[in-house]
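As structure tokens, the structure follows; a few thoughts come after it.
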Amino acid sequence: MPQDKETVERLSDLISSFMCHASGHLPDDVTKRLNEMREVETEGFARQIYDVMDENMKLADSLKRPSCQDTGLPQFFARVGAGFPYQNDLEASLVEAVKKATVRAPLRHNAVEVFDEYNTGNNIGHHIPWIDWELVPDSDELELYFYMAGGGCSLPGMAKVLMPLEGYDGIAKAVFDQMTSYGVNACPPCLVGIGIAGSAEVAAKLSKKALLRPVGSHNENPKAAQMETLIEEGLNSIGLGPGGLGGKLSCMGVNIEQASRHPATLAMGLSTACWAHRRAGIRIKPDFSYDFFTHKGASL
Ligand code: SF4
């Protein structure tokens with residue numbers, strides 16, 4: 001079925017405005033958590049680093065510019081209602097939105113073609129924007145998350161399959177090994193996403209989806225929630241501090257998402273988000289009205 005040009009134009013305009021806003025404004029939950037973390041710091045440079053972050057965000061807002069030079073690789077997580085009327089136009093709209101936001105925001109050109117090793121110059125490439133699709137029954141809305149996957153905050157990412165005997169301790173050990181080796185690259189304080197599943201690719205994907213969950217939320221399973229708290233407490237004792245320059249707290253939170261595993265495997269994935277966690281979520285209705293639920297009060 002051919003795409004409807006008018007719909008693609010309208011949807012991509014709205015989504016590119018949403019992306020531009022996300023590039024220069026942190027979601028409400030992240031701002032709140034950074035403010036709380038600032039208050040805990042009493043020694044060294046830590047409080048000053050938070051003040052610099054705050055000033056940075058104010059300048060991004062007043063100058064209408066992205067809040068970090070690395071505007072990441074564009075990733076979308078689309079929860080599409082089975083009754084959403086623009087399904088046929090959605091992928092084209094997301095690609096068009098990236099092209100528009102790259103010019104309007106502006107977004108740094110970050111899509112480098114693998115093997116041929118050239119920068120495409122517009123953030124469009126092979127499987128980029130990355131789009132994760134979910135079909136939602138009994139809904140006529142689109143719930144869309146946009147995530148700017150920066151280089152530094154993607155560096156600690158990993159996935160591996162453990163022997164079940166290594167247990168949940170083995171998962172925690174893998175997280176701490178990785179965060180104490182590469183965590184400083186991810187411009188702390190970090191939000192840590194952990195996926196647990198039966199195979200590496202599912203665990204990796206769930207670890208990224210965990211970063212979409214609000215900071216301060218907890219897994220519904222009490223044991224998983226306890227693991228989130230224990231790992232957060234542990235990561236907050238390693239002393240990385242804001243910007244990796246030392247401090248009492250290094251971790252905004254730990255979010256775990258899980259899928260049932262195979263009896264013989266215990267796979268884990270790790271994704272990290274930096275202090276500039278540019279994750280945005282919007283619900284778009286069939287009449288193009290929207291709820292920008294991660295950034296309350298923002299109008300596009
Ligand atoms: S880790 Fe985050 S804040 Fe640091 S350079 Fe990358 S995108 Fe920017």
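The values are calculated or read from the model by the stated rules, or taken from the named source; none is laboratory data. Only a predicted model underlies this, so the values are computations on that prediction, with no experimental measurement involved. Note that each Cβ is placed from the backbone with ideal geometry, even for glycine, and that neighbours are counted across all protein chains shown.
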Of all residues making up the stretch 86-125, the number that are in a loop (DSSP other than H, G, I, E, B) and either among the small types (G, A, S) or surrounded by 13 or more Cβ atoms within 10 Å (Cβ to Cβ) (or both): 13
Number of the exception - K208 against (1) among the charged types (D, E, K, R); (2) in a loop (DSSP other than H, G, I, E, B); (3) in contact with a Phe, Trp or Tyr (Cβ under 9 Å, 6 or more places away or on another chain): (2)
Residues that are closer than 30 Å to G297 by Cβ and either away from the ligand (no atom under 16 Å from the Cβ) or hydrophobic (A, V, I, L, M, F, W, C) (or both), drawn from the stretch 258-282: A273, C274, W275, A276, A280, G281, I282
Any pair with Cβ under 7 angstrom, 6 or more apart, that starts in the stretch 180-192 at a residue that is of a type in the set (F, W, Y) and ends at one that is outside any strand (DSSP E or B): Y182/L155; Y182/P156
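Any residue at all in the stretch 236-244 that is more than 30 Å from N88 (Cβ to Cβ), away from the ligand (no atom under 16 Å from the Cβ) and touching a Cys at 6+ places or on another chain (Cβ under 7 Å)? Full working, then the answer.
As a first pass, look at the stretch 236-244 and keep what is more than 30 Å from N88 (Cβ to Cβ): 236-244.
Now restrict to residues that are away from the ligand (no atom under 16 Å from the Cβ): 236-239.
Within this subset, residues satisfying the condition of being touching a Cys at 6+ places or on another chain (Cβ under 7 Å) are 236.
Yes, there is a match, as at least one residue in the stretch 236-244 is more than 30 Å from N88 (Cβ to Cβ), away from the ligand (no atom under 16 Å from the Cβ) and touching a Cys at 6+ places or on another chain (Cβ under 7 Å).
Anything in the stretch 1-32 that is among the aliphatic types (A, V, I, L, M), at pLDDT 95 or above and more than 25 Å from P242 (Cα to Cα)? List them, or say none. Break it down into steps so the answer makes sense when it comes.
Filtering the stretch 1-32 for residues among the aliphatic types (A, V, I, L, M) gives 1, 8, 11, 14-15, 19, 22, 26, 30.
Next cut, at pLDDT 95 or above only: 8, 11, 14-15, 19, 22, 26, 30.
If the condition is that a residue be among the aliphatic types (A, V, I, L, M), at pLDDT 95 or above and more than 25 Å from P242 (Cα to Cα), then V8, L11, L14, I15, M19 are the ones that fit.
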Flag if E166 is modelled with pLDDT of 95 or more, part of a helix (DSSP H, G or I) and over 28 Å from A78 (Cα atoms): yes
Conditions (1) surrounded by 14 or more Cβ atoms within 10 Å (Cβ to Cβ); (2) among the hydrophobic types (A, V, I, L, M, F, W, C); (3) free of Cβ contacts under 8 Å to residues at least 12 places away in the same chain: number failed by L63: (1)
Only listed residue being closer than 23 Å to R279 by Cα and buried (at least 21 other Cβ atoms within 10 Å of the Cβ), chosen from G216, G193: G193
Any hit, the stretch 225-245, residues being surrounded by 22 or more Cβ atoms within 10 Å (Cβ to Cβ), of a type in the set (S, T, N, Q) and in contact with a Leu (Cβ under 7 Å, 6 or more places away or on another chain): no
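Considering each residue of the stretch 37-46, count those that are surrounded by fewer than 17 Cβ atoms within 10 Å (Cβ to Cβ) and modelled with pLDDT of 95 or more, and give that number. Give the steps one after another, and end with the answer.
First, pick out the residues of the stretch 37-46 that are surrounded by fewer than 17 Cβ atoms within 10 Å (Cβ to Cβ): 39-40, 42-45.
Imposing the further condition that a residue be modelled with pLDDT of 95 or more reduces the set to 39-40.
So the count comes out to 2.
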Long-range neighbours under 7 Å by Cβ, at least six apart or interchain, first residue under 15 Å from R10 (Cα atoms) within the stretch 77-93, second in a helix (DSSP H, G or I) and of a type in the set (V, I, T): Y86/T7; D89/T7; D89/V8; A92/V8; S93/V8; S93/I15
